[in-house]
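Take a look at the structure set out below.
The values are calculated or read from the model by the stated rules, or taken from the named source; none is laboratory data. As the structure is a prediction and not an experimental result, all values here were calculated from the model. All Cβ positions, glycine included, derive from the backbone under ideal geometry; neighbour counts span all protein chains shown. Heads up: the accessible areas ignore ligands, DNA and RNA and are worked out on the full protein's heavy atoms, side chains in. Shrake-Rupley method; radii C 1.70, N 1.55, O 1.52, S 1.80 Å.
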Amino acid sequence: KLINTTINNLAVNPKDPQTVYAAIDGLGFPLAVSNNAGQTWDYLVNSETYLNAVAFDPQVPTTIYTAKDNTTLQYSGNKAFIYKSVNSGQDWDKIAFLQCVIPSCEIAVQQILVSTTDSERILVAGTGDNGLLGRTINGGSSWVEIDDDETSALAADPNHADIVYAGSASLNYDFVFRYNDVWGTWSSTTLIGPDHIEKVRDIAIDQASRLYVAASDGLHRWEAGIGATHFTNLPTDSVMAVAVDRSESPNVVYIGTS
């Protein structure tokens, strides 16, 4: 396990479930990788530090994306960036996704999601003064805002490529939404409201389209026809990250805490 760190995000390689990446928030902590399902970990010294997000390209998992905790730590020409590697984290390029006016470029990128069917389609979720849910359908050449509210978590439905789930973690409300036709003329539906969950941090989905929600009050699960379940036999505070290995039967769920 990783110790003396805050794990902000986890990603399981969709074609090699032994490989797991962890985004760690802190000085001197680059992206961490395990090649034995979390038994031991190494650090990718060429990656950025203060990381909030990590994501695989589902079709080409040697391509990964990361983002920093706050874009004021890394900007150029009034643009904020996410980071892309095409060789499993050995080298990195920057992709501009947010136009902003320095020094008020305040956004913590919480999640990155790449479409399961088209590598050019990417979603970026962020919180802060410039909180948003942003979308590109051309690999980052141009972006549009789907929502200008703070968005803290993203997960794609493995059975429906155009359905994406998003969570909010603002001071005033906490929801889990389902976005339909997210790459086209999107619309949203509320699944979990503020009376049932506190500060959504991360979302993962198993093969049966059940949602696992990491939140400040622990781990929750949502499934159609049943609703939300709170796992009280697990850590009940500061669950920061959750990931599902869908190749196992039953599915294996990872959680990361602070």
Task: Portion, in percent, of the accessible area of the chain that falls on carbon or sulfur, probe 1.4 Å - done: 45
TODO: Please give the per residue accessible area of the range 188-258, computed with a probe of 1.4 Å over protein heavy atoms only, in Å².
DONE: 48
Task: Net charge of Cβ neighbours under 9 Å - reference V252; Lys, Arg +1; Asp, Glu -1 - done: -1
Task: Between the range 14-40 and the range 190-258, the alpha-carbon center distance in angstrom - done: 20
- [ ] Mind counting lysine pairs for me in the chain? Cα separation below 17 Å, and the two need to be 8 or more apart along the chain or on different chains.
- [x] 5
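All other residues with a Cβ under 11 Å from the Cβ of R201 taken together, and with Lys, Arg as +1 and Asp, Glu as -1, what is their net charge?
Surrounding charge for R201 is -3.
Net charge near N13: determine it from the other residues with C-beta under 13 Å of the C-beta of N13, scoring Lys and Arg +1 and Asp and Glu -1.
Result for the local shell: -1.
For the chain, give the magnitude of the charge dipole about the Cα centre (Cβ charges: +1 Lys/Arg, -1 Asp/Glu; no others), in debye to the nearest 20.
Taking the Cα centre of the chain as origin, the dipole is about 380 debye.
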